[in-house]
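To start, the structure itself, in structure tokens.
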Amino acid sequence: MIREFSAGGIVYRKSEIRNPKSEIKWLVAQHSQHKGWVFPKGFIGDKIENESKEETALREVEEETGVKAKIIEVLQKPAGYFYVWKGEKRYKTVYYFLMEYVGGDTKNHDFEMSAVEWWPMEKVRKDLTYKSDKIAFEEALDLFKKISN
Ligand code: ATP
């Protein structure tokens with residue numbers, strides 16, 4: 001079986017500039033092909049040789065969503081899932097990082113995503129498409145709570 005490795009970001013944004021009391025929002029995107037609502041991510045090492053997980057995750061977040069972010073914490077438990085590509089079973093491991101928004105605009109996302117949005121926690125919990133991302137999101141929330149205390 002083919003194994004693949006990707007890295008990505010679970011990015012939060014503390015408040016909108018014009019509305020400092022607004023709630024924390026999380027960056028999600030709709031994949032152009034499979035239409036699932038997911039966190040931005042991409043293959044490690046297919047674009048830049050020897051690129052680290054961290055570099056891949058930051059680059060993919062920026063390319064796929066238009067958002068520049070910084071890494072705050074590493075999620076301890078990578079996400080993983082099986083899927084079938086051209087009749088062949090594959091297993092993908094995804095290393096996620098908790099990230100904080102630094103700048104950029106979701107309008108500048110690339111073609112890999114058909115929509116990019118900021119969602120509140122409850123909507124992310126409910127409307128993310130895949131279970132492995134939902135599990136990763138719970139770990140990201142725990143880490144976020146720890147650093148916020
Ligand atoms: P990457 O973003 O890692 O470069 P990709 O965009 O080419 O990869 P995936 O998002 O991994 O591809 O999608 C490949 C297949 O896996 C699709 O059929 C998709 O529906 C499915 N898939 C995507 N994410 C998950 C997940 N978290 N759990 C289960 N299946 C998923």
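The values are calculated or read from the model by the stated rules, or taken from the named source; none is laboratory data. Computed from a prediction, not measured in an experiment: that's the story for all the values here. Here Cβ is always computed from backbone atoms with ideal geometry, including for glycine, and neighbour counts include all displayed protein chains. Heads up: the accessible areas ignore ligands, DNA and RNA and are worked out on the full protein's heavy atoms, side chains in. Shrake-Rupley method; radii C 1.70, N 1.55, O 1.52, S 1.80 Å.
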Next on the checklist: I'm told GLU23 meets every condition in (1) among the acidic types (Asp, Glu); (2) touching a helix residue (DSSP H, G or I) at 6+ places or on another chain (Cβ under 9 Å); (3) surrounded by 14 or more Cβ atoms within 10 Å (Cβ to Cβ) except one. Can you identify the failing condition by its number?
Outcome noted: (3)
Next on the checklist: Checking LYS68 against (1) open to solvent by 80 Å² or more (accessible area, probe 1.4 Å); (2) out of contact with any helix residue (DSSP H, G or I) (no Cβ under 7 Å at 6 or more places or on another chain): exactly one of these is not met. Which one?
Outcome noted: (2)
Checklist entry - Being in contact (Cβ under 8 Å) with a residue 40 or more places away in the chain, within 11 Å of the ligand (Cβ to nearest atom) and hydroxyl-bearing (Ser, Thr, Tyr), is that true of even one residue in the stretch 8-16? => result no
